1. In nm, to one decimal, how far is the Asp203 label point from the Asn299 one, both placed 7 Å along Cα→Cβ?
2. Run lengths n ≥ 4 of DSSP H only: what is the helix-derived mean residue ellipticity at 222 nm for the chain, with -39500 (n - 2.57) per run over all residues, to the nearest 500?
3. What list do you get for Ser275, Ser162, Ser173 if you sort them by fewest beta carbons within 10 Å?
4. Just subtract the alpha-carbon distance of Trp165 and Ser141 from 0.36 nm times their residue separation and send over the number in nm, one decimal.
5. Given labels modelled 7 Å from the Cα in the Cβ direction, how far is it in nm from Tyr308 to Thr56?
6. Taking the Cα centre of the stretch 4-123 as the origin, how large is its charge dipole in debye, to the nearest 20, when only Lys and Arg (+1) and Asp and Glu (-1) carry charge on their Cβ atoms?
7. Show me 50-58, 176-184 ranked by packing, highest mean number of other Cβ atoms within 10 Å first.
8. With axes computed from alpha carbons, what is the tilt in degrees of helix 103-116 against the longest principal axis of the chain, rounded to the nearest 10 within 0 to 90?
Amino acid sequence: MQKIKTAIVGYGMSGRIFHLPPLIHHTNYEIKKVMTRNPKNQKDLSVHYPEIQIVTDYHDIIEDPEIDLVILATSNDVHYEYTKEALLHDKHVVCEKPFVDTYTKAKELFDLAFEKKRILRVFHNRQYDGDMMTIKRLLKSKDFGQIVSFTARFDRYAPEISDNWRFKDTPMSGIYYDLAPHLVHDAVELFGLPNFVFNTLYDDRENTEVDDHFEMVLYYDTMTVFLGSQMLERDPKPRFEIVGTKAGYVKYGFDQPDVVNTEPKEVYQTSGLRSQFITTPDQKQDIPLYLGEHYRFYNLLAHHIDEYPDEDIDQQHALSVILIMQLGLVSHQIKQMIKVPHKG
């Protein structure tokens, strides 16, 4: 296949760590342009990647007929507008989570992508985390009995408020929009859509402009999912926990390394993080943690750009995440459990 001519819009943490590294030496991609207005980032790019053209105007990207793929690593407030403009200019698009704020907007954009026969992906890279890869394999290979609960958390100890747009009073800012998409995607990928959602947002830190803590509960027919994140966690809870009638599983801490952008020779992490399959309080089996497989995101995208897929499970998961996130906000506002419609 011909190389996919790519432009990255935004060169903050996301563009610099999660998007450029897996693509810069990828055989199926060629990064032609990066858009950034930050002088420090412009200098960094020009020193380390002199072959990449730096631009400051989005139209220099979407109106360039050479560009096949636009990656949006921008602040959340322009996700809808920039995605729509790129699709209307016949570009494939990868957009950072949380994507957009309503199911209606998300469905509109995915329908537009289908109409244009272009691929639209939300960057749910955490589905390829090593611990998630481990859990997926465990659920297939171990007998948990009836799973009664699943917990996923993204806790940190960060008492100081960062001077970052994510913590300013701007559209789709705060910890809920920043981290809940990862955890909701975990639940949807493993268990599908829930029947009900209950969610509460908190502002724990003094002088915070936005939420910095959320606790969400998803109710299924025979199990409950607990999702949450807070910034004042001094003694972290399990990152993941599965409770079944016959056995359980716990994993503590964040994967090391956090991101794996190229396929490694090794299979397992050497992080030493606690990862155990537990049948009784006295019977605990250490479970090796797989390394992350984040490189699969762009490998799969290249395949789908080359051969348009008949069915797009990533799109289905992305729409489900937006739906639950939207209903979660309603739940917080009215302080009630919300029924989740199972949309076709």
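Readers should treat all values here as calculations from the given coordinates under stated rules, not as data from a laboratory. Since the structure is predicted, the reported quantities are computational estimates derived from the model, not experimental observations. Cβ: placed from backbone, ideal geometry, glycine included. Neighbour counts: every protein chain shown.
1. 4.5 nm
2. About -9500 deg cm²/dmol.
3. The most exposed by this proxy come first: Ser162, Ser173, Ser275.
4. Residue separation times 0.36 nm, minus the Cα-Cα distance, leaves 4.4 nm.
5. In this crude label model, Tyr308 to Thr56 measures out at 3.8 nm.
6. Details: 16 positive and 18 negative charges, 69 e Å.
I would put it at about 340 debye.
7. With the highest mean Cβ count within 10 Å placed first, the list reads 176-184, 50-58.
8. The answer is roughly 50 degrees.
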